[in-house]
2 protein chains.
Amino acid sequence: MDTHATEPTEAQAPEAVPAPDDTPWLNAREQRLWRAHLEVSQLLMYQLGRELQPHGLANNDYEILVVLSESPKRRMRMTDLATATLQSKSRLSHQITRMETAGLVLRQECPGDRRGLYAHLTDQGWETMQKVAPDHVRSVRAHFIDLFDSDQLDAMYEALAPIAEHLRGLRGRG
Amino acid sequence: MDTHATEPTEAQAPEAVPAPDDTPWLNAREQRLWRAHLEVSQLLMYQLGRELQPHGLANNDYEILVVLSESPKRRMRMTDLATATLQSKSRLSHQITRMETAGLVLRQECPGDRRGLYAHLTDQGWETMQKVAPDHVRSVRAHFIDLFDSDQLDAMYEALAPIAEHLRGLRGRG
């Protein structure tokens, strides 16, 4: 998202209503970091998605293969999978339908469990992930990880880890 | 996307096909940064989206308001807007239809220009952005910018800027 957080300006609108004075607009140093973060986030997902395409997968598909492969019995409740992937239940449902058609996952009711449907990774889904993962890690290196030096690698993590924790806490609050 | 780039493992699949030996899997330090980046990217957009909801906007809507407000004459060709927002033309078209219904933008043909439709920001769209921007910058501060110290702010930018440039170059190659 190429959004901004400086005061809105527009050459053609001298009559624009001035924003309230107490708005804590970003200064130039903050603004350039915010823009760089947005750009890297968006363009990186775009590029990784392009490099998954020859495998017939989108970013969301790959994410689901990964989450299911790391779950006990290669399965997860649909509601938990929606939470894990930050998707609405209806959007996830459409996606799982597409992945079911492709033979990668199966939706099954769990006998004796009233809490509804599970998504299961199929053997084909597991094999697909095994086949795609080496290419995917090369993409992650080429477009992100290998572009940091060793000090940056740790400094970035130390800066981002508390933010991730903060955001996980907010999500938990529902 | 909670994706991974270590060697796929699964307790229940001792028979799994081993990955080729030459795959440059991420080590633990690389992996934790990759996961933190993904988590921050995704959860931050999720949180910013939640905080735009009371204004009746989604992240994509706000992005389009910003891009159009910064364009000459508050307008942009639909094809250029799709490129700027990394969306497919069909997905952008659906979104602009929704935003047109909400009175935020207008689609207009440009007389004498065969290169098709423009999306224009309406006065209501401009006023909406003016009204929303102060809240949005507070969200950006609370969940991202204000969580860095001054040194981190610059170090992060210096690490991310070359990656943004690398990724912009790749996108240009189409």
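Worth a mention:
- With all protein chains kept in place, the per residue accessible area of the protein assembly as shown amounts to 49 square angstrom at a probe of 1.4 angstrom.
- Peptide B:123-129, shielding by other chains (average Cβ, 10 Å cutoff): 2
- Whether the stretch B:119-174 is rounded, prolate or oblate, judged on the alpha carbon gyration tensor where a/c under 1.5 counts as rounded: oblate
- Label-to-label distances for A:R98 across copies, nearest first, come out at 1.6 nm, using points 7 Å from Cα in the beta-carbon direction.
- With each label modelled as a point 7 angstrom along the Cα→C-beta vector, the B:D151-A:R50 pair spans 3.7 nm.
- Axis proximity, chain A to B: residue whose C-beta lies nearest, plus whole-Å distance: A:S41, 2
- Summed over both chains, the area buried between B and A is near 8400 Å², taken from the accessible surface of protein heavy atoms with a 1.4 Å probe.
- Remark: label point of B:N59 defined 7 Å out from Cα along the Cα-Cβ vector; separations to the same position in other copies 0.8 nm, ascending.
- Debye log10 I(q)/I(0) at q = 0.09, 0.16 Å⁻¹ for the protein assembly as shown, Cα point scatterers: -0.55, -1.51
- Nitroxide proxy distance, nm - points 7 Å out along Cα→Cβ at A:R171 and A:S88: 1.8
- Segment A:R98-A:W25, extension gain: residue separation times 0.36 nm, minus the distance between their alpha carbons: 22.0 nm
- Close Lys-Lys pairs in the protein assembly as shown, where close means Cα under 30 Å and separation is 8 or more or interchain: 7
- Mean partner shielding of peptide A:68-78, defined as the number of other chain Cβ atoms within 10 Å of each residue Cβ, is 2.
- The protein assembly as shown - mean residue ellipticity at 222 nm from DSSP helices (-39,500 (n - 2.57) per run, n ≥ 4, rounded to 500): -19000 deg cm²/dmol
- Sites B:R75 and A:D123, calculated FRET efficiency, Cβ-Cβ separation with R0 56 Å, nearest 0.05: 0.60
- Share of pairwise Cα-Cα distances greater than 19 Å in chain B is 70 percent (whole percent).
- Taking every residue in B:54-66 and counting other chain Cβ atoms within 10 Å of its Cβ, the average works out to 2.
- With its label point put 7 Å out from Cα toward Cβ, B:G116 sits 3.8 nm from the same residue's point in the other copies, in order from shortest.
- The translational diffusion coefficient of the stretch A:20-90, from Stokes-Einstein at 25 °C and 0.890 mPa s with a Kirkwood hydrodynamic radius over alpha carbon pairs, comes to 162 µm²/s.
The values are calculated or read from the model by the stated rules, or taken from the named source; none is laboratory data. Not measured: the values here are computed from a predicted model. For neighbour counting, all protein chains shown are included, and Cβ atoms are generated from backbone atoms with ideal geometry for every residue, glycine included. In case anyone asks, the SASA skips ligands and DNA or RNA and just uses the protein heavy atoms, side chains included. Shrake-Rupley method; radii C 1.70, N 1.55, O 1.52, S 1.80 Å.
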